[in-house]
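A quick write-up on the structure given underneath.
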Amino acid sequence: MRAGERLSKEDGLALYASPDIVGISQLADHVRREKNGDLVYFNVNRHINPTNICSNKCKFCAFWRDQTDEEAYEMTLDEMVKAAEDAAPSGITELHIVGGLHPDWPFSFYVEMMERLKTALPDVLIQAFTAVEIDYFAEISEQSSREVLEHLKAAGLDSLPGGGAEIFSDRLRRVAWEKKTPAADWLRIHGEAHELGMHTNCTMLYGHIETLEERVEHMIALREQQDASGGFLAFIPLAFHPANTELSDLPGTTGYDDLKTLAIGRLMIDNIPHVKAFWIMVGLKIAQISTAFGVDDLDGTVVEERITHAAGATTPEALSKEELISLIEETGHRAVERDTLYRVVGGERG
Ligand code: V47
(Lines give C-alpha, C1' and ligand atoms only; values in the text may rest on other atoms or scores of the structure.)
Protein backbone atom coordinates (compact mmCIF):
# COMPACT_ATOMS: atom_id res chain seq x y z
CA MET A 1 0.00 0.00 0.00
CA ARG A 2 1.62 3.28 -1.06
CA ALA A 3 0.47 6.79 -0.20
CA GLY A 4 -1.97 8.18 -2.76
CA GLU A 5 -2.27 4.94 -4.73
CA ARG A 6 -5.57 3.21 -5.38
CA LEU A 7 -5.93 0.19 -3.10
CA SER A 8 -6.11 -3.31 -4.55
CA LYS A 9 -8.27 -6.22 -3.45
CA GLU A 10 -5.25 -7.59 -1.56
CA ASP A 11 -4.85 -4.25 0.22
CA GLY A 12 -8.50 -4.33 1.25
CA LEU A 13 -8.14 -7.85 2.61
CA ALA A 14 -4.94 -6.87 4.43
CA LEU A 15 -6.81 -4.02 6.11
CA TYR A 16 -9.55 -6.41 7.22
CA ALA A 17 -6.87 -8.82 8.53
CA SER A 18 -5.13 -6.09 10.51
CA PRO A 19 -6.06 -5.68 14.18
CA ASP A 20 -4.66 -2.12 14.11
CA ILE A 21 -8.01 -0.35 14.28
CA VAL A 22 -6.40 2.90 15.43
CA GLY A 23 -4.01 2.88 12.45
CA ILE A 24 -6.91 2.18 10.07
CA SER A 25 -8.90 5.01 11.62
CA GLN A 26 -5.99 7.41 11.12
CA LEU A 27 -5.62 6.43 7.46
CA ALA A 28 -9.35 6.82 6.81
CA ASP A 29 -9.46 10.09 8.73
CA HIS A 30 -6.63 11.44 6.58
CA VAL A 31 -8.55 10.64 3.38
CA ARG A 32 -11.78 12.02 4.81
CA ARG A 33 -10.06 15.28 5.80
CA GLU A 34 -8.62 15.68 2.32
CA LYS A 35 -12.08 15.25 0.81
CA ASN A 36 -14.35 16.91 3.35
CA GLY A 37 -12.18 18.84 5.82
CA ASP A 38 -13.68 18.84 9.29
CA LEU A 39 -17.29 18.85 8.05
CA VAL A 40 -19.83 16.21 9.01
CA TYR A 41 -23.06 16.41 7.06
CA PHE A 42 -26.61 15.57 8.04
CA ASN A 43 -29.96 16.27 6.46
CA VAL A 44 -33.52 16.85 7.55
CA ASN A 45 -35.50 14.16 5.80
CA ARG A 46 -38.61 12.02 6.05
CA HIS A 47 -38.58 8.33 5.10
CA ILE A 48 -41.76 6.89 3.59
CA ASN A 49 -42.14 3.15 2.95
CA PRO A 50 -45.33 2.95 0.83
CA THR A 51 -45.91 -0.80 1.27
CA ASN A 52 -44.33 -3.86 2.85
CA ILE A 53 -45.96 -6.23 0.35
CA CYS A 54 -43.10 -7.59 -1.71
CA SER A 55 -42.71 -10.39 -4.19
CA ASN A 56 -38.92 -10.76 -3.79
CA LYS A 57 -38.98 -12.27 -0.26
CA CYS A 58 -35.24 -11.87 0.41
CA LYS A 59 -33.96 -14.03 3.28
CA PHE A 60 -32.16 -11.16 5.01
CA CYS A 61 -35.23 -8.92 5.09
CA ALA A 62 -37.78 -8.79 7.93
CA PHE A 63 -39.86 -6.07 6.30
CA TRP A 64 -41.67 -7.94 3.53
CA ARG A 65 -45.13 -9.46 3.91
CA ASP A 66 -47.45 -11.44 1.63
CA GLN A 67 -50.58 -9.66 0.47
CA THR A 68 -52.75 -11.92 2.65
CA ASP A 69 -50.66 -11.36 5.78
CA GLU A 70 -52.31 -9.56 8.68
CA GLU A 71 -49.37 -7.17 8.98
CA ALA A 72 -49.35 -6.29 5.27
CA TYR A 73 -49.97 -2.60 4.63
CA GLU A 74 -50.36 -0.27 1.65
CA MET A 75 -50.39 3.50 1.89
CA THR A 76 -52.68 5.49 -0.34
CA LEU A 77 -51.33 8.45 -2.28
CA ASP A 78 -53.32 10.72 0.04
CA GLU A 79 -51.61 9.15 3.07
CA MET A 80 -48.18 9.63 1.50
CA VAL A 81 -48.89 13.27 0.69
CA LYS A 82 -50.15 13.79 4.25
CA ALA A 83 -47.00 12.18 5.73
CA ALA A 84 -44.87 14.49 3.60
CA GLU A 85 -46.93 17.59 4.40
CA ASP A 86 -46.91 16.79 8.12
CA ALA A 87 -43.10 16.70 8.01
CA ALA A 88 -42.79 19.95 6.06
CA PRO A 89 -42.90 22.30 9.08
CA SER A 90 -39.76 20.63 10.47
CA GLY A 91 -37.93 21.92 7.41
CA ILE A 92 -37.36 18.69 5.48
CA THR A 93 -35.35 19.02 2.30
CA GLU A 94 -35.69 15.37 1.24
CA LEU A 95 -38.27 12.61 0.98
CA HIS A 96 -36.66 9.16 1.02
CA ILE A 97 -39.06 6.62 -0.44
CA VAL A 98 -38.42 2.87 -0.68
CA GLY A 99 -40.94 0.05 -0.60
CA GLY A 100 -41.72 -3.55 -1.45
CA LEU A 101 -42.35 -4.80 -4.99
CA HIS A 102 -46.14 -4.72 -4.93
CA PRO A 103 -47.72 -7.33 -7.23
CA ASP A 104 -50.72 -5.16 -8.23
CA TRP A 105 -49.67 -1.52 -8.28
CA PRO A 106 -49.18 -0.37 -11.89
CA PHE A 107 -46.28 1.80 -12.98
CA SER A 108 -48.70 4.74 -13.36
CA PHE A 109 -49.21 4.65 -9.55
CA TYR A 110 -45.53 5.44 -9.00
CA VAL A 111 -45.56 8.20 -11.60
CA GLU A 112 -48.59 9.73 -9.88
CA MET A 113 -46.84 9.34 -6.51
CA MET A 114 -43.96 11.49 -7.78
CA GLU A 115 -46.33 14.06 -9.32
CA ARG A 116 -48.51 14.36 -6.20
CA LEU A 117 -45.54 14.68 -3.83
CA LYS A 118 -43.72 17.19 -6.05
CA THR A 119 -46.86 19.29 -6.39
CA ALA A 120 -47.41 19.21 -2.61
CA LEU A 121 -43.79 20.04 -1.73
CA PRO A 122 -42.10 21.55 -4.80
CA ASP A 123 -38.92 22.56 -2.94
CA VAL A 124 -38.28 19.15 -1.39
CA LEU A 125 -36.02 16.76 -3.29
CA ILE A 126 -37.38 13.26 -3.85
CA GLN A 127 -34.90 10.43 -3.42
CA ALA A 128 -36.92 7.36 -4.25
CA PHE A 129 -36.86 3.79 -5.53
CA THR A 130 -33.84 1.51 -5.36
CA ALA A 131 -32.46 0.10 -8.60
CA VAL A 132 -34.36 -3.09 -7.69
CA GLU A 133 -37.65 -1.18 -7.80
CA ILE A 134 -36.67 0.52 -11.07
CA ASP A 135 -35.88 -2.90 -12.55
CA TYR A 136 -39.29 -4.16 -11.38
CA PHE A 137 -41.12 -1.14 -12.83
CA ALA A 138 -39.41 -1.85 -16.16
CA GLU A 139 -40.70 -5.42 -16.03
CA ILE A 140 -44.31 -4.53 -15.13
CA SER A 141 -44.54 -1.66 -17.60
CA GLU A 142 -42.66 -3.41 -20.42
CA GLN A 143 -40.23 -0.54 -20.82
CA SER A 144 -36.49 -0.31 -20.51
CA SER A 145 -35.08 0.83 -17.18
CA ARG A 146 -33.87 3.99 -18.88
CA GLU A 147 -37.43 4.80 -20.03
CA VAL A 148 -38.71 4.16 -16.50
CA LEU A 149 -36.13 6.56 -15.12
CA GLU A 150 -37.00 9.18 -17.75
CA HIS A 151 -40.72 9.00 -16.89
CA LEU A 152 -40.12 9.17 -13.14
CA LYS A 153 -37.66 12.03 -13.54
CA ALA A 154 -40.18 13.99 -15.57
CA ALA A 155 -42.75 13.36 -12.83
CA GLY A 156 -40.50 14.68 -10.02
CA LEU A 157 -37.91 12.05 -9.09
CA ASP A 158 -34.59 13.73 -8.25
CA SER A 159 -32.29 10.95 -7.09
CA LEU A 160 -32.07 7.22 -6.38
CA PRO A 161 -31.20 5.89 -2.92
CA GLY A 162 -28.50 3.27 -2.64
CA GLY A 163 -30.47 0.27 -1.40
CA GLY A 164 -30.89 -3.12 -3.00
CA ALA A 165 -27.20 -3.62 -3.83
CA GLU A 166 -26.67 -6.06 -0.93
CA ILE A 167 -23.44 -7.89 -1.90
CA PHE A 168 -22.62 -8.24 -5.59
CA SER A 169 -21.90 -11.94 -5.47
CA ASP A 170 -23.63 -14.58 -7.61
CA ARG A 171 -23.06 -17.13 -4.87
CA LEU A 172 -25.00 -15.07 -2.33
CA ARG A 173 -27.69 -14.11 -4.76
CA ARG A 174 -28.44 -17.78 -5.40
CA VAL A 175 -28.54 -18.55 -1.68
CA ALA A 176 -30.31 -15.58 -0.15
CA TRP A 177 -31.97 -13.27 -2.68
CA GLU A 178 -32.46 -15.30 -5.81
CA LYS A 179 -35.24 -13.12 -7.28
CA LYS A 180 -33.33 -9.90 -6.80
CA THR A 181 -31.89 -7.74 -9.57
CA PRO A 182 -28.44 -9.09 -10.52
CA ALA A 183 -25.38 -6.98 -9.76
CA ALA A 184 -24.75 -6.03 -13.39
CA ASP A 185 -28.31 -4.67 -13.73
CA TRP A 186 -28.14 -2.79 -10.40
CA LEU A 187 -24.95 -1.10 -11.59
CA ARG A 188 -26.30 -0.45 -15.09
CA ILE A 189 -29.43 1.26 -13.71
CA HIS A 190 -27.32 3.60 -11.56
CA GLY A 191 -25.16 4.29 -14.61
CA GLU A 192 -28.31 5.18 -16.59
CA ALA A 193 -29.55 7.46 -13.80
CA HIS A 194 -26.15 9.20 -13.81
CA GLU A 195 -26.34 9.66 -17.58
CA LEU A 196 -29.75 11.29 -17.14
CA GLY A 197 -28.16 13.78 -14.77
CA MET A 198 -29.36 12.25 -11.51
CA HIS A 199 -27.09 11.68 -8.56
CA THR A 200 -27.49 8.47 -6.59
CA ASN A 201 -26.11 6.63 -3.56
CA CYS A 202 -24.76 3.13 -3.16
CA THR A 203 -24.80 0.64 -0.30
CA MET A 204 -23.34 -2.66 0.85
CA LEU A 205 -25.25 -4.95 3.22
CA TYR A 206 -22.64 -6.65 5.42
CA GLY A 207 -22.46 -8.87 8.46
CA HIS A 208 -24.51 -11.87 7.27
CA ILE A 209 -23.15 -14.78 5.22
CA GLU A 210 -20.78 -12.91 2.94
CA THR A 211 -17.00 -13.33 3.00
CA LEU A 212 -14.54 -10.47 3.50
CA GLU A 213 -13.38 -11.06 -0.06
CA GLU A 214 -16.94 -10.54 -1.31
CA ARG A 215 -17.13 -7.27 0.63
CA VAL A 216 -13.92 -5.96 -0.90
CA GLU A 217 -14.98 -7.08 -4.39
CA HIS A 218 -18.27 -5.24 -3.86
CA MET A 219 -16.43 -2.03 -2.97
CA ILE A 220 -14.24 -2.38 -6.07
CA ALA A 221 -17.32 -2.91 -8.30
CA LEU A 222 -18.81 0.34 -6.98
CA ARG A 223 -15.51 2.13 -7.53
CA GLU A 224 -15.40 0.89 -11.13
CA GLN A 225 -18.99 2.00 -11.78
CA GLN A 226 -18.09 5.41 -10.37
CA ASP A 227 -15.12 5.59 -12.74
CA ALA A 228 -17.52 4.89 -15.60
CA SER A 229 -20.52 7.08 -14.73
CA GLY A 230 -19.45 9.35 -11.87
CA GLY A 231 -22.83 10.08 -10.24
CA PHE A 232 -22.58 8.36 -6.84
CA LEU A 233 -22.55 10.86 -4.00
CA ALA A 234 -22.32 8.59 -0.97
CA PHE A 235 -21.32 5.05 -0.06
CA ILE A 236 -23.34 3.64 2.83
CA PRO A 237 -22.35 0.32 4.42
CA LEU A 238 -25.53 -1.16 5.96
CA ALA A 239 -25.07 -3.32 9.08
CA PHE A 240 -27.18 -6.48 8.87
CA HIS A 241 -29.91 -6.86 11.52
CA PRO A 242 -30.89 -10.51 11.91
CA ALA A 243 -34.05 -10.48 14.07
CA ASN A 244 -37.23 -11.77 12.38
CA THR A 245 -35.36 -12.71 9.21
CA GLU A 246 -34.61 -16.18 7.86
CA LEU A 247 -31.02 -15.59 9.01
CA SER A 248 -32.07 -14.87 12.60
CA ASP A 249 -29.57 -17.35 14.02
CA LEU A 250 -26.74 -15.01 12.98
CA PRO A 251 -25.34 -12.67 15.64
CA GLY A 252 -25.40 -9.33 13.76
CA THR A 253 -22.40 -7.05 13.44
CA THR A 254 -20.02 -5.85 16.15
CA GLY A 255 -18.97 -2.24 16.71
CA TYR A 256 -15.44 -3.24 15.72
CA ASP A 257 -16.62 -4.60 12.37
CA ASP A 258 -18.90 -1.59 11.77
CA LEU A 259 -16.06 0.89 12.29
CA LYS A 260 -13.56 -1.13 10.31
CA THR A 261 -15.97 -1.53 7.39
CA LEU A 262 -16.78 2.18 7.28
CA ALA A 263 -13.05 3.03 7.36
CA ILE A 264 -12.10 0.42 4.75
CA GLY A 265 -14.96 1.69 2.57
CA ARG A 266 -13.44 5.19 2.80
CA LEU A 267 -10.00 3.82 1.90
CA MET A 268 -11.03 1.47 -0.92
CA ILE A 269 -13.54 3.76 -2.65
CA ASP A 270 -11.39 6.76 -3.48
CA ASN A 271 -13.76 8.28 -6.03
CA ILE A 272 -17.08 8.65 -4.17
CA PRO A 273 -17.09 11.91 -2.23
CA HIS A 274 -18.99 10.88 0.93
CA VAL A 275 -19.18 7.91 3.30
CA LYS A 276 -22.33 7.77 5.36
CA ALA A 277 -23.00 5.95 8.61
CA PHE A 278 -26.75 5.32 8.73
CA TRP A 279 -27.26 5.86 12.47
CA ILE A 280 -30.49 3.87 12.40
CA MET A 281 -28.46 0.75 11.55
CA VAL A 282 -25.15 1.20 13.39
CA GLY A 283 -26.62 2.98 16.42
CA LEU A 284 -25.93 6.47 17.65
CA LYS A 285 -22.77 5.64 19.59
CA ILE A 286 -20.99 3.94 16.67
CA ALA A 287 -22.29 6.63 14.27
CA GLN A 288 -20.71 9.31 16.43
CA ILE A 289 -17.34 7.53 16.74
CA SER A 290 -17.39 6.72 13.02
CA THR A 291 -16.61 10.39 12.31
CA ALA A 292 -13.02 9.44 13.26
CA PHE A 293 -13.15 6.45 10.87
CA GLY A 294 -13.64 8.16 7.52
CA VAL A 295 -17.34 8.99 7.85
CA ASP A 296 -18.49 12.50 6.94
CA ASP A 297 -22.26 12.01 6.91
CA LEU A 298 -24.72 10.73 9.50
CA ASP A 299 -27.86 10.72 7.31
CA GLY A 300 -30.89 12.54 8.66
CA THR A 301 -33.85 12.94 10.94
CA VAL A 302 -35.67 10.01 9.22
CA VAL A 303 -38.93 10.34 11.31
CA GLU A 304 -40.25 6.83 10.64
CA GLU A 305 -38.18 3.80 9.72
CA ARG A 306 -39.64 0.37 9.14
CA ILE A 307 -37.04 -1.81 7.36
CA THR A 308 -34.37 -1.97 10.06
CA HIS A 309 -36.87 -1.81 12.91
CA ALA A 310 -38.71 -4.84 11.51
CA ALA A 311 -35.34 -6.60 11.84
CA GLY A 312 -34.90 -5.69 15.50
CA ALA A 313 -33.17 -2.29 15.47
CA THR A 314 -33.26 -0.68 18.91
CA THR A 315 -32.33 2.80 17.72
CA PRO A 316 -35.01 5.51 17.81
CA GLU A 317 -36.96 6.04 14.58
CA ALA A 318 -36.35 9.76 14.56
CA LEU A 319 -33.79 12.29 15.75
CA SER A 320 -34.21 16.02 15.91
CA LYS A 321 -31.91 18.30 13.98
CA GLU A 322 -30.57 19.61 17.32
CA GLU A 323 -29.73 16.07 18.48
CA LEU A 324 -27.83 15.38 15.25
CA ILE A 325 -25.93 18.65 15.53
CA SER A 326 -24.88 18.06 19.13
CA LEU A 327 -23.78 14.47 18.38
CA ILE A 328 -21.52 15.82 15.61
CA GLU A 329 -20.23 18.88 17.46
CA GLU A 330 -19.20 16.82 20.48
CA THR A 331 -16.63 15.12 18.20
CA GLY A 332 -15.02 18.45 17.28
CA HIS A 333 -16.31 18.38 13.71
CA ARG A 334 -18.43 21.08 12.12
CA ALA A 335 -22.05 20.01 11.63
CA VAL A 336 -23.42 21.02 8.25
CA GLU A 337 -26.99 20.59 7.14
CA ARG A 338 -27.08 19.50 3.50
CA ASP A 339 -29.72 18.63 0.97
CA THR A 340 -29.76 15.42 -1.10
CA LEU A 341 -27.14 16.86 -3.46
CA TYR A 342 -24.82 17.99 -0.62
CA ARG A 343 -25.69 21.64 -1.11
CA VAL A 344 -25.38 23.43 2.22
CA VAL A 345 -28.71 24.42 3.74
CA GLY A 346 -28.90 27.58 5.84
CA GLY A 347 -25.12 28.23 6.05
CA GLU A 348 -22.31 26.39 7.85
CA ARG A 349 -22.11 26.35 11.62
CA GLY A 350 -19.16 26.80 13.92
O1 V47 B 1 -32.14 -2.24 0.34
C2 V47 B 1 -32.91 -4.93 4.37
C3 V47 B 1 -31.24 -3.17 3.65
C4 V47 B 1 -31.88 -1.29 2.53
C5 V47 B 1 -32.10 -5.46 6.29
O6 V47 B 1 -29.30 5.90 -0.12
C7 V47 B 1 -31.35 -4.42 5.76
O8 V47 B 1 -29.03 7.44 1.38
C9 V47 B 1 -30.02 -4.44 7.62
O10 V47 B 1 -30.80 1.38 1.35
N11 V47 B 1 -30.71 -5.46 8.17
C12 V47 B 1 -32.78 -0.07 2.62
N13 V47 B 1 -30.31 -3.91 6.41
C14 V47 B 1 -32.10 1.09 3.31
C15 V47 B 1 -31.18 1.85 2.39
C16 V47 B 1 -30.74 3.22 2.77
C17 V47 B 1 -30.86 3.67 4.06
C18 V47 B 1 -30.46 4.96 4.38
C19 V47 B 1 -29.96 5.81 3.42
C20 V47 B 1 -29.87 5.36 2.11
C21 V47 B 1 -29.37 6.28 1.05
C22 V47 B 1 -30.24 4.05 1.77
O23 V47 B 1 -31.78 -1.88 3.81
C24 V47 B 1 -32.32 -2.45 1.69
C25 V47 B 1 -31.43 -3.54 2.20
O26 V47 B 1 -30.16 -3.47 1.59
N27 V47 B 1 -31.86 -4.15 4.58
N28 V47 B 1 -33.08 -5.76 5.43
C29 V47 B 1 -31.75 -5.99 7.55
N30 V47 B 1 -32.42 -7.02 8.08
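Taking the conditions exactly as written (open to solvent by 10 Å² or more (accessible area, probe 1.4 Å), within 23 Å of TYR16 (Cα to Cα), at pLDDT 95 or above and in a helix (DSSP H, G or I)), does ARG215 satisfy them or not?
When the stated conditions are applied, ARG215 passes them.
Give me the residue from region 42-74 that is assigned to a loop (DSSP other than H, G, I, E, B), touching a strand residue (DSSP E or B) at 6+ places or on another chain (Cβ under 7 Å) and closer than 21 Å to ALA313 by Cβ and, out of that set, nearest to the ligand (Cβ to nearest atom).
PHE60
Can you give me the number of residues within region 156-207 that are under 17 Å from the mean Cα position of the chain (by Cα), modelled with pLDDT under 95 and away from the ligand (no atom under 13 Å from the Cβ)?
Adding up the residues that qualify gives 0.
Here are the criteria: (1) of a type outside the set (D, E, K, R); (2) open to solvent by 20 Å² or more (accessible area, probe 1.4 Å); (3) without any contact (Cβ under 8 Å) to a residue 24 or more places away in the chain. Tell me which single one CYS61 does not satisfy.
Only one criterion is unmet by CYS61, namely (3).
So which residues in region 105-127 are among the hydrophobic types (A, V, I, L, M, F, W, C) and free of Cβ contacts under 8 Å to residues at least 40 places away in the same chain, if there are any at all?
Residues satisfying the conditions are PHE109, LEU117, ALA120, LEU121, ILE126.
Would you mind telling me which numbered condition in (1) open to solvent by less than 30 Å² (accessible area, probe 1.4 Å); (2) away from the ligand (no atom under 13 Å from the Cβ); (3) assigned to a helix (DSSP H, G or I) LEU319 fails?
Condition not satisfied by LEU319: (3).
When region 271-303 is examined, which residues are found to be more than 15 Å from the chain's Cα centre (by Cα) and charged (D, E, K, R)?
LYS285
Give the residues of region 329-344 that are in contact (Cβ under 8 Å) with a residue 60 or more places away in the chain and open to solvent by 40 Å² or more (accessible area, probe 1.4 Å), sorted by residue number.
THR331, GLY332, ARG334, LEU341
Looking only at region 221-261, count how many residues are under 23 Å from CYS58 (Cβ atoms) and in a helix (DSSP H, G or I).
Count: 6.
Could you check, for region 148-168, whether at least one of its residues is farther than 24 Å from ARG188 by Cβ and open to solvent by 20 Å² or more (accessible area, probe 1.4 Å)?
no
Can you pull out the residues in region 223-240 that are within 23 Å of PHE42 (Cα to Cα) and in contact with a helix residue (DSSP H, G or I) (Cβ under 8 Å, 6 or more places away or on another chain)?
GLY230, GLY231, PHE232, PHE235, PRO237, LEU238, ALA239
Can ALA263 be described as hydrophobic (A, V, I, L, M, F, W, C), more than 16 Å from the ligand (Cβ to nearest atom) and open to solvent by 30 Å² or more (accessible area, probe 1.4 Å)?
No: the conditions fail for ALA263.
Suppose we keep only residues that are in a helix (DSSP H, G or I) and either aliphatic (A, V, I, L, M) or open to solvent by less than 10 Å² (accessible area, probe 1.4 Å) (or both) within region 117-132. Which one would you say is farthest from the ligand (Cβ to nearest atom)?
ALA120
Hey, can you tell me all the residues within region 278-292 that are open to solvent by less than 10 Å² (accessible area, probe 1.4 Å) and without any contact (Cβ under 8 Å) to a residue 40 or more places away in the chain?
Those that are open to solvent by less than 10 Å² (accessible area, probe 1.4 Å) and without any contact (Cβ under 8 Å) to a residue 40 or more places away in the chain: ILE280, SER290.
Can you tell me which residue within region 86-116, out of those that are within 25 Å of LEU319 (Cβ to Cβ) and over 23 Å from the mean Cα position of the chain (by Cα), is surrounded by the most Cβ atoms within 10 Å (Cβ to Cβ)?
ASP86
The values are calculated or read from the model by the stated rules, or taken from the named source; none is laboratory data. Since we're looking at a predicted model, the values are computed, not measured. Because the Cβ atoms are built from the backbone with ideal geometry, glycine has one as well, and the counts that use them run over all protein chains shown. When the accessible area is computed, the model is the full protein with side chains, heavy atoms only, and any ligands, DNA or RNA have been set aside. Shrake-Rupley method; radii C 1.70, N 1.55, O 1.52, S 1.80 Å.
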